[in-house]
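The values are calculated or read from the model by the stated rules, or taken from the named source; none is laboratory data. All figures in this text were calculated on a predicted structure; none of them were measured in a lab. Backbone-built Cβ (ideal geometry, glycine too); neighbour counts: all protein chains shown. When the accessible area is computed, the model is the full protein with side chains, heavy atoms only, and any ligands, DNA or RNA have been set aside. Shrake-Rupley method; radii C 1.70, N 1.55, O 1.52, S 1.80 Å.
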Amino acid sequence: MPLVKIHILNGRSPQEVDVLLDTIHDVVVETFGVPRRDRYQILQEHEASNIRALDTGLDITRTEKFLLLEITSRPRSRDAKVAFYSSLTRALQARCDVAPSDVMVSLHINSDEDWSFGMGSAQFLTGEL
């Protein structure tokens, strides 16, 4: 946890996908302070015709390297969220050649009772986590 869904356009190689997923996870670990083995990622590839991601009037240029992250998480501080956005774009640019203008993030916040990691248990509530 958090649960990270990554939406990209078709066309990246398996190696590029591996680096992309590792980079995103590294930033989650660094900025949100989650354990390294706390990794839940879902990658969805889309045809270019199936994604519309304009710029909300901000004059942001998008390319074929555009990616959208949907992150479901327990509450995080405002500072942690801002640090995440900044660290993420820097890391993706350095390691994956993805421009900051091609990175969009939406955080969905929920609470401890909204998570079960298996075994029919709500581990945040039971104290297992």
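Quick rundown of the values:
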item	result
Computed E for residue 37/residue 109 - FRET, C-beta separation, R0 22 angstrom, nearest 0.05	0.50
Per residue solvent-accessible surface (Å²) - the chain, probe of 1.4 Å	60 Å²
For the stretch 66-92 versus the stretch 1-59, the gap between their alpha-carbon centres in whole angstrom	11 Å
Value of [θ]222 nm, deg cm²/dmol, for the chain, DSSP H segments ≥ 4, -39500 (n - 2.57) each, nearest 500	-10500 deg cm²/dmol
Correct choice for Cα extents along the principal axes in Å that was computed from the model, options (i) 37, 34, 27; (ii) 40, 28, 23; (iii) 46, 31, 25	(iii)
Using alpha-carbon coordinates, inclination of helix 78-96 to the longest axis of the chain, degrees	50 degrees
Sparse-neighbour loop sites [trypsin sites (Lys or Arg not before Pro); the stretch 1-57; at most 13 other C-beta within 10 Å; DSSP]	36, 37, 52
The stretch 18-129, dipole about Cα centre (Lys/Arg Cβ +1, Asp/Glu Cβ -1), debye to the nearest 20	240 debye
Dipole magnitude of the stretch 83-129, debye to nearest 20 (Cβ charges: Lys/Arg +1, Asp/Glu -1, about Cα centre)	280 debye
Calculated FRET value between residue 119 and residue 15, using beta carbons and R₀ = 30 Å, to 0.05	0.30
